[in-house]
Amino acid sequence: MTLSIKIGKKWAIYSLCIGLASMIFGLLGLTSGLSLAYGVNWSEWGISTVFVYPDIFTGVMMAIIGVIFLLGVRPQWSGKQDAVSFLVVGTLLSALFFGVYLAMMGANAIGYSMYNAIPAGSVYANSVADWEGWIWLNDVHPGIWLFVFVIPGLYLTLKLWRKE
Amino acid sequence: MTYTVALIGNPNVGKSVIFNNLVPGAHQHVGNWPGKTVEKKEGKFTHKGKQIKLVDLPGTYSLTAAAEDELISRNFIVDEKPNLVVDIVDASNLERNLYLTYLLLELETNILLVLNMTDIAEDKGYKIDVNKLSFQLGIPIISTVATKGTGLKELKDAILTAANSSPQVNSKVYYGEKIEKLINNIIVLLKKDHELSQKYSLRWLAIKLLEKDEQILDIIKKSKNATELLEIIS
Amino acid sequence: MKAKEILGEDAELVLADARYDSINKVVKTSLIKGERKWSASDLLDKVFLNKYVGIPAFFALLWAVFQFTFKVSTPFMAMIDMFFKWLTGYAALIPNDIVASVIGDGIFGGLGFILQFTVPIFFLFFALAILEDSGYLTRVAFVFDRLLFKLGLHGRSFIPMLIGFGCNVPAIMAARSIEGKKDRLITILIAPFMSCAARLPVYVLIAGAFFATNAATAVWSMYLIGIFVAIVFALLLRKTILRGDPAPFIVELPTYKMPTLKGAVLHMWERGVSFLKKAGTYLLVGAIIIWSLSVLPWGVTPGSGESLIGMIGQTIQPVFAPLGFSWQISGSLIFAFMAKEVLVESLGVIYSVSSDVGIQAALVNSITPLSAYALMVFMLLYVPCLATIGVIKKETNSWKWTAFSAVSQCVIAYLGALIVVGVGTLLGL
């Protein structure tokens, strides 16, 4: 099929970088999540959760997105136009997850403000106990900030969308 | 007078968009449960002083008795005998969509074909000669792009005009000499049952019998020439 | 002249072919196909239907949906929780202590606990609506079809089953889109095993009481067990009373469409409100019945063994003795027949305690963890609610199958719980 924009080596390299980054952070998160289940605490190594988020599923999802980007690298390098689909879907999924992560952070923020508003001994304290000690940094992880690097992909997607 | 008009078409051809455009939400009366296959959705609208009751039939690919939603659509057309059936067709998928159209033609009901999603057809590089198509099918056709609002005003006019005319029965599928003879033999037998002749198109009944359609078989079993008919089709 | 000679075995196919021949002739003269420009749908499908990455992509989306549904709804659930706690405060003003407790804690507490879950339910329906409207779910059905075929299920069963995780009633209705009668019947019969949203509060209550840190796993296991039982039941049905292969899955993949916010919200609203209405009705009716049964005969200690509800429970208890259920639980199970959420209410009243924490404490004191897990399994597997039975009757149009469905579920539930207790006891748990 013919596309109105050239997909070539530049985008292939981009896909490679994003894909690898996603895979790496995903796998790191996955393994640290697993090891946590066995009692090994990564934060003892001084690595903040912002970079290595110790949750199995979050890690798996990032790895999956990484795979999607990586699958597109070779066909994009050889100039196959329809390989842009990997880039587009990877971007869309990243954007979707970004949205969900932000929503989760927002929800926690709401919960935290409720926690602050309720005096310690009241009947209602129980309902908001979960948010004790929450700070927004708790919810920041590669799924969120890697999205910044996905923005070029988003730009390409929008450009293609407009041409449709 | 109030015209009863049914809306039918394959799933995902833009039927809902068109329905919502013809009948704004406030005037709609929706059935109980949501999900992909919905009970009929109805609504009324007025155009040029005439009142039109619009019934949204479930989106289907065919009209067999095997599938619940297809049976609902079919029964509505046969039992309620609407003044017009508006068949919404996806212009970018003509062959598949026309199958339903041909089934409707067999029902000998009044049809207006709406060629929707012509923008997508264009994207695919298709060019459709609407006049030729209309002539060959023997039914009026109007083009629309429902999502962009194109052709929807003309649609209301077309609906009124078509609802006022009588069904054209020129376009029939020719099944081949042997099968046509079989069909005619069956029609001869069916003619003897006056009730059936009044209610149904006999050619349609004959074809359904050949297909061993469950619902039609049930109906025939109660008719006069049941045994002979069953003999022929077995 | 016999039809078979002319049309052969499959008359429908012959006639359909003839129609397509006509169509092709007509289309040839009126349609010209030019060169194809790329289409967005095809591009997206390259990934979503990709044999390596299609299914992982689906799981990624599914996970995103669940994260969104459950994590983002927590503060709103807390708000509802606090609202009912506030209401309970007012109930405490009722002069009669015991009645106050029954109403305030038993009923408001139970209601509050359940109604919290309407938030994630609405979120879930919203997410499902978006996935459905975009056309993506058809792809998933297609991707899973091969797998489902091996399990004796039709590819089109996928969407109804997925909807079943939200609520079984629309799931059973969605089975209408399945053409084969047997395929449809099987889908309808196994849909109740998809653990619906109404069962969730019950799991949370029980698992929270008994399994502490492993509570989430216990709840997860319910979903998995539900799927497992559904598959086994389907296979069984295929081999015995509903023989035959599933019909081939031919579907037209619609072009992807950008779901509209309005459309999604509308769908969510329709489904969510129906669910609420149904749940609300049963909860209210259930509350009234349970409350009346617990304070009659007049003057008895509410909810105790001498009240009507207590007597019912104690009469039934022997049936459930092998499972280790107390009479209070046995009695409550009868009421939970109406709707699973009602279990929480009735436990609250029977144990005469306040809020979920109270019920949990009472439970811990009356049954073992093993029986608690068995109870969860029982709740998972037996009749979801009266509304489900009603809709099965409507969709199958047969009392026979409806009764079969209800009875088989009760039997399977009992067996399931029994197996849990049996295996657990053998393992010394």
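What the table shows:
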read-out: Any chance B:LEU155 is in contact with a Lys or Arg (Cβ under 7 Å, 6 or more places away or on another chain), in contact (Cβ under 8 Å) with a residue 24 or more places away in the chain and within 30 Å of B:HIS47 (Cα to Cα); value: no
read-out: Qualifying positions in the stretch A:111-153 - more than 22 Å from the chain's Cα centre (by Cα), in a helix (DSSP H, G or I) and not hydroxyl-bearing (Ser, Thr, Tyr); value: A:GLY111, A:MET114, A:ASN116, A:ALA117, A:ALA125, A:ASN126, A:VAL128, A:ALA129, A:ASP130, A:TRP131
read-out: Contacts under 9 angstrom Cβ, first residue in the stretch C:264-275 being at positive phi, partner part of a helix (DSSP H, G or I) and surrounded by 20 or more Cβ atoms within 10 Å (Cβ to Cβ), 6 or more apart; value: none
read-out: Hits in the stretch B:212-232 (condition: facing chain C (nearest Cβ under 9 Å) and farther than 25 Å from B:ILE72 by Cα); value: B:GLU231, B:ILE232
read-out: Qualifying residue in the stretch C:392-408 (condition: out of contact with any Leu (no Cβ under 8 Å at 6 or more places or on another chain), modelled with pLDDT of 90 or more and closer than 20 Å to C:PHE113 by Cα); value: no
read-out: Hits in the stretch A:153-164 (condition: within 14 Å of another protein chain (Cβ to nearest Cβ) and not hydroxyl-bearing (Ser, Thr, Tyr)); value: A:GLY153, A:LEU156, A:LEU158, A:LYS159, A:LEU160, A:TRP161, A:ARG162, A:LYS163, A:GLU164
read-out: The stretch A:82-117, subset closer than 24 Å to C:LEU124 by Cα and of a type in the set (Val, Ile, Thr), residue farthest from the other protein chains (Cβ to nearest Cβ); value: A:THR91
read-out: Subset of the stretch C:398-412 that is touching a residue at least 40 places away in the same chain (Cβ under 8 Å) and of a type outside the set (S, T, N, Q) - its residue that is nearest to C:PHE233 (Cα to Cα); value: C:ILE412
read-out: Residue check, B:SER134 out of contact with any strand residue (DSSP E or B) (no Cβ under 6 Å at 6 or more places or on another chain) and among the small types (Gly, Ala, Ser); value: no
read-out: Any strands (runs of 3 or more DSSP E) falling wholly within the stretch B:12-121 and containing at least 3 residues that are within 12 Å of another protein chain (Cβ to nearest Cβ), polar (S, T, N, Q) and in contact (Cβ under 8 Å) with a residue 24 or more places away in the chain; value: none
read-out: Residue selected from the stretch C:20-59 under the condition more than 7 Å from every other protein chain (Cβ to nearest Cβ) and in a loop (DSSP other than H, G, I, E, B), by the criterion nearest to C:TYR256 (Cα to Cα); value: C:LEU49
read-out: Meets criteria (modelled with pLDDT of 80 or more, surrounded by fewer than 21 Cβ atoms within 10 Å (Cβ to Cβ) and more than 26 Å from A:VAL100 (Cα to Cα)) for C:TYR90; value: no
read-out: Where a residue in the stretch C:194-223 is touching a residue at least 24 places away in the same chain (Cβ under 8 Å) and its partner, wherever it lies, is among the charged types (D, E, K, R) and assigned to a loop (DSSP other than H, G, I, E, B), with Cβ under 6 Å and at least six apart; value: C:ALA198/C:LYS340; C:ALA198/C:GLU341; C:ARG199/C:LYS340; C:VAL202/C:LYS340
read-out: Filtered residues of the stretch B:186-229 (kept if acidic (Asp, Glu) and either surrounded by fewer than 16 Cβ atoms within 10 Å (Cβ to Cβ) or in contact with an Asp or Glu (Cβ under 9 Å, 6 or more places away or on another chain) (or both)); value: B:GLU195, B:GLU211, B:ASP213, B:GLU214, B:ASP218, B:GLU228
read-out: Qualifying residue in the stretch A:130-152 (condition: within 10 Å of chain C (Cβ to nearest Cβ) and surrounded by fewer than 16 Cβ atoms within 10 Å (Cβ to Cβ)); value: yes
read-out: Members of the stretch C:3-19 found to be surrounded by fewer than 19 Cβ atoms within 10 Å (Cβ to Cβ), within 26 Å of B:ASP129 (Cβ to Cβ) and within 7 Å of another protein chain (Cβ to nearest Cβ), listed by number; value: C:ALA18
read-out: Only one of B:LYS127, B:LYS172 that is touching a strand residue (DSSP E or B) at 6+ places or on another chain (Cβ under 9 Å), within 14 Å of chain C (Cβ to nearest Cβ) and surrounded by fewer than 19 Cβ atoms within 10 Å (Cβ to Cβ); value: B:LYS127
read-out: B:ASP157 being of a type in the set (Asp, Glu) and within 12 Å of chain C (Cβ to nearest Cβ); value: no
read-out: Condition check for C:LYS150: surrounded by fewer than 24 Cβ atoms within 10 Å (Cβ to Cβ), within 11 Å of chain B (Cβ to nearest Cβ) and basic (Lys, Arg); value: no
read-out: Among the residues listed as A:LEU87, A:LEU70, A:LEU102, the single one being among the aliphatic types (A, V, I, L, M), touching a residue at least 40 places away in the same chain (Cβ under 8 Å) and either under 30 Å from C:MET82 (Cβ atoms) or out of contact with any helix residue (DSSP H, G or I) (no Cβ under 8 Å at 6 or more places or on another chain) (or both); value: A:LEU102
read-out: Matching residues in the stretch A:119-145 - criterion: being hydrophobic (A, V, I, L, M, F, W, C), more than 18 Å from C:VAL72 (Cα to Cα) and in contact with a helix residue (DSSP H, G or I) (Cβ under 6 Å, 6 or more places away or on another chain); value: A:VAL123
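The values are calculated or read from the model by the stated rules, or taken from the named source; none is laboratory data. Bear in mind the structure is a predicted one, so any value in this text is a computation, not a measurement. Cβ sites come from the backbone with ideal geometry, for glycine too, and all protein chains shown count toward neighbours.
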